[in-house]
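*Asks:* Here it is, the structure in full.
The values are calculated or read from the model by the stated rules, or taken from the named source; none is laboratory data. Keep in mind the model is a prediction, meaning the values are calculated, not measured. No Cβ is skipped: glycine too gets one built from the backbone with ideal geometry, and neighbour counts run over all protein chains shown. In case anyone asks, the SASA skips ligands and DNA or RNA and just uses the protein heavy atoms, side chains included. Shrake-Rupley method; radii C 1.70, N 1.55, O 1.52, S 1.80 Å.
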Amino acid sequence: MDLAMKSTILITGGAGFIGSNLCDYFLSKGYTVRCLDNFATGHRHNLKDFMDHPNFRLIEGDIRNLADCQQAAAGVDYVLHQAALGSVPRSLIDPITSNEVNVSGFLNMLVACRDAKVKRFVYAASSSTYGDSVGLPKVEDVIGKPLSPYAITKYVNELYADIFSRTYGLETIGLRYFNVFGRKQDPKGAYAAVIPKFVMQLMQLESPLIHGDGNYSRDFTYIDNVIQMNELAMTTTNPEAVNTVYNTAYGDRNTLNNLVDFLKGFLSVYDERIANVTPEYGPNRAGDIPHSLASIDKAKTLLGYDPQFSMQEGLKEAVDWYWENLK
């Protein structure tokens, strides 16, 4: 019997963008999947394709409630912890709630996983942890000071995970996500990520707003590369590969100006008027890191990571999905 047929995965934040893609993927691989979500930022429509799947179970609960975490973790083999309040701007406006969810909620999940004797806890870390470190590419063991409350919370996650590995023997792996994008990413709301927001604006022939001069650069990472990293982190049998953190990225960077140009090119296939839309420029946002580029050597070496989608390849897939589902 293979691993999937006898294993249960808990995916926290499973109704969110990344979480719902993970649910979909691991159900397709034969795993039993449990989703914990309070729908603060996740959406029920992200679960509609597999709500009736015999191997899927939804638990409505909040990671800020230890009892909810304990219920969700009971009898689980692996946990993929995606639940969090994302967004640097949101954390600057409301640092208390970000801390409650991202730190206290994270600690609740660690305690629940320790007590349930979960085999491995794989969690969403963040490239924001690199803070004011200016070196490129970003290497896992060289970080700077955090530039936002959100970044602090994600760094504290790494510290707590390390302590639980050392003190309680809970296997943990952190995945420092770099600007993940793709299908099911919400284009609406005040804290929508840049790619779905720009796609929606361009589809409506509105000028996307770029903060700064557009020369800030990012290592935009397609969702399928992130799914691959979660699977590798969950299933690796290499003892040197656990109880550490990995950059989860493609290993290339593009400016925001590049991004808009690519999006216009892909979207103008559907509506040629989009090619003539020009962006607007505003002030830089507080807490933003100017440039982000990941070294993925560690993940390649220890996990066998081999990302299949460049930013452009991922954008083409994402644009097709958005046009079909949102137009």
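*Asks:* Output needed: percent of Cα pairs per 10 Å distance bin for segment 154-301, bins running from 0 to the one holding the longest distance.
*Replies:* 10, 32, 30, 18, 8, 1
*Asks:* Tell me, what HN-Hα J-couplings in whole Hz come from the Karplus equation 6.51 cos²θ - 1.76 cosθ + 1.60 at θ = phi - 60° for each residue of segment 288-305, using x for Gly and Pro?
*Replies:* 6, 7, x, 9, 9, 8, 9, 7, 10, 4, 4, 5, 5, 6, 8, 10, x, 5
*Asks:* Of Lys197/Lys327; Lys188/Lys300; Lys48/Lys188, which ones are farther than 23 Å apart at the Cα? Spell out each step's value before the answer.
*Replies:* On the way: Lys197/Lys327 13 Å; Lys188/Lys300 35 Å; Lys48/Lys188 19 Å.
As for pairs spanning more than 23 Å Cα to Cα, those are Lys188/Lys300.
*Asks:* Kindly state, as a whole number, the per residue volume in cubic angstrom of the convex hull around the alpha carbon atoms of segment 225-327.
*Replies:* On the way: hull volume 13.9 nm³, N = 103.
Dividing the Cα hull volume of segment 225-327 by its residue count gives 135 Å³.
*Asks:* Leaving out ligands, DNA and RNA, what percent of the accessible area of segment 148-227 is carbon and sulfur, probe 1.4 Å?
*Replies:* Its accessible area is 51 percent carbon and sulfur atoms.
*Asks:* Please report the base-10 log of the normalised intensity I(q)/I(0) for segment 146-234, using a Debye sum with one equal scatterer per alpha carbon and no solvent, at each q in 0.24 (1/Å).
*Replies:* Each listed q maps to, in turn, -1.29.
*Asks:* Give me the 1.4 Å probe accessible area per residue for the chain, excluding ligands and nucleic acids, in Å².
*Replies:* 43 Å²
*Asks:* By a straight-distance test (C-alpha under 15 Å), which aspartates and glutamates pair with Lys264 as possible cross-link partners, with residues fewer than eight away in the same chain excluded?
*Replies:* Output for Lys264: Glu206, Glu272, Glu280, Glu313, Glu317, Asp320.
*Asks:* What share of Cα pairs, in percent, lie more than 17 angstrom apart in segment 193-256?
*Replies:* Pairs farther apart than 17 Å: 58 percent.
*Asks:* Binning at 10 angstrom from zero up to the longest distance, how are the C-alpha pair distances of the chain distributed in percent?
*Replies:* So the P(r) values, bin by bin, are 6, 27, 36, 23, 7, 1.
*Asks:* May I ask you to give the average projected area over all directions of the convex hull of the Cα atoms of segment 35-177, in nm² rounded to one decimal?
*Replies:* So the mean shadow area of the Cα hull is 9.3 nm².
*Asks:* When every alpha-carbon pair in segment 233-279 is counted, what percent end up more than 17 Å apart?
*Replies:* For segment 233-279, the share of Cα pairs beyond 17 Å comes to 58 percent.
*Asks:* If you average the C-alpha positions of segment 146-225 and of segment 61-116 separately, how far apart do those two centres end up, in angstrom?
*Replies:* Answer, in whole Å: 17.
*Asks:* Name the residues whose placed amide hydrogens come within less than 5 Å of the amide hydrogen of His211, ignoring near sequence neighbours (fewer than 5 apart) on the same chain.
*Replies:* Counting only residues 5 or more places away or on other chains, the set is Gly282.
*Asks:* Return the distance in nm (one decimal) between the two label points of a simple spin-label model at Gln204 and Ala74, each offset 7 Å from Cα along Cα→Cβ.
*Replies:* 4.5 nm
*Asks:* Okay, moving on. Leaving out same-chain residues fewer than 8 places away, which aspartates and glutamates sit with a Cα under 17 Å from that of Lys117?
*Replies:* Leaving aside aspartates and glutamates fewer than 8 places away in the same chain, those within reach of Lys117 are Asp68, Asp77, Asp162, Glu171.
*Asks:* Would you mind working out the magnitude of the charge dipole of segment 206-281 relative to its Cα centre, with +1 at each Lys and Arg C-beta and -1 at each Asp and Glu C-beta, to the nearest 20 Debye?
*Replies:* 60 debye
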